[in-house]
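The values are calculated or read from the model by the stated rules, or taken from the named source; none is laboratory data. On a predicted model such as this, the values are computed, not experimentally measured, just so you know. Backbone-built Cβ (ideal geometry, glycine too); neighbour counts: all protein chains shown. All accessible areas refer to the heavy atoms of the entire protein, side chains included, with ligands and DNA or RNA removed. Shrake-Rupley method; radii C 1.70, N 1.55, O 1.52, S 1.80 Å.
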Amino acid sequence: MTRQYYIFLLLSLLIFAGCKTTNNIALIPYKKEYSKYVNDMAILHYPESPQIDVNIRNDELFITSLVAGPAIVPQLFMLLAKSSAEKEDSLAFNELIFDLNIGDLLCEKLNTKFQLCSYFHVVPQEKIVKNTTVWKLMEKKEKDAKDYTQIGTELGIDTVLETDVLSFGVKDPGIFSDPYAYMNIDVKMTTAAGGIVIWRDIIQAKTEVGTSTVAFEEMVYTDVEFLRKKLEEVAD
């Protein structure tokens, strides 16, 4: 094997070593007959939320790639530099919104919208947060039937809607596109009696930032609330 191949292999491992992986999730479609189970519902989220993911360096990579030409080694070093810069962006953005729990924000948005629905009752988020027993059970990602029964008893509900934010952040697809805020959520609806999953899906949402990448970066560092507002918009 050539020296270039080994360099390619080494840098590829360095670049992709930190990539996030998500376990396969079995999706369950919602059926009309399930509606008879939904009368009183609580919306829960996992207390631990992921850090914001930032990928806004694609424009820079495109331009430098053209300059470098087809040479493999320079291209790989540019990919490594891009990966390092994205980690720095992520750290900086996380510091700006250090007090934002995206899972909690999402639940508040959902709760407000569902309270306007006349078909079923939704437990206020304040009641869920104040319940120590329910809060401890929220931390368990793999709940059993007894856990759901206990949640149902504590809150007086028949259905539990759980949201797990898999990833969220800001992306810039490339030189011909503007950046957007996005969110990927694992949503699961379960009966309190028996812990039967009646619906599960991966929901993907995004909203355009409305500016170029350069303007977006300037706005983020001059107005902290700008980034927070964009994340609230995609959660909404």
Checking residue 140 against (1) free of Cβ contacts under 8 Å to residues at least 12 places away in the same chain; (2) under 30 Å from residue 56 (Cα atoms); (3) basic (Lys, Arg), which test does it fail? (2)
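Does residue 190 satisfy the criteria of being among the polar types (S, T, N, Q), in contact with a helix residue (DSSP H, G or I) (Cβ under 9 Å, 6 or more places away or on another chain), modelled with pLDDT of 85 or more and farther than 18 Å from residue 99 by Cα? So that I can check it myself, show each step before the final result.
Values: among the polar types (S, T, N, Q): yes; in contact with a helix residue (DSSP H, G or I) (Cβ under 9 Å, 6 or more places away or on another chain): yes; modelled with pLDDT of 85 or more: yes; farther than 18 Å from residue 99 by Cα: yes.
When the stated conditions are applied, residue 190 passes them.
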Of the listed residues (137, 161), the one being over 20 Å from residue 52 (Cα atoms), of a type in the set (A, V, I, L, M) and assigned to a helix (DSSP H, G or I) is 137
Checking residue 206 against (1) assigned to a strand (DSSP E or B); (2) open to solvent by 40 Å² or more (accessible area, probe 1.4 Å); (3) in contact with a Ser or Thr (Cβ under 8 Å, 6 or more places away or on another chain), which single condition isn't satisfied? (3)
Determine the pairs where a residue that is open to solvent by 40 Å² or more (accessible area, probe 1.4 Å), located within segment 212-224, has a partner that is at pLDDT 80 or above and not charged (D, E, K, R) with Cβ atoms under 6 Å apart, the partner being 6 or more residues away or on another chain. 219/226; 224/96
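For segment 16-30, how many residues meet the condition of being loosely packed, with under 10 Cβ neighbours inside 10 Å and either modelled with pLDDT of 85 or more or in contact with a helix residue (DSSP H, G or I) (Cβ under 8 Å, 6 or more places away or on another chain) (or both)? Step through it out loud before you land on a result.
Filtering segment 16-30 down to residues loosely packed, with under 10 Cβ neighbours inside 10 Å leaves 17-21, 23-24, 26, 29.
With the extra rule that they be either modelled with pLDDT of 85 or more or in contact with a helix residue (DSSP H, G or I) (Cβ under 8 Å, 6 or more places away or on another chain) (or both), the set shrinks to 18, 26, 29.
So the answer is 3.
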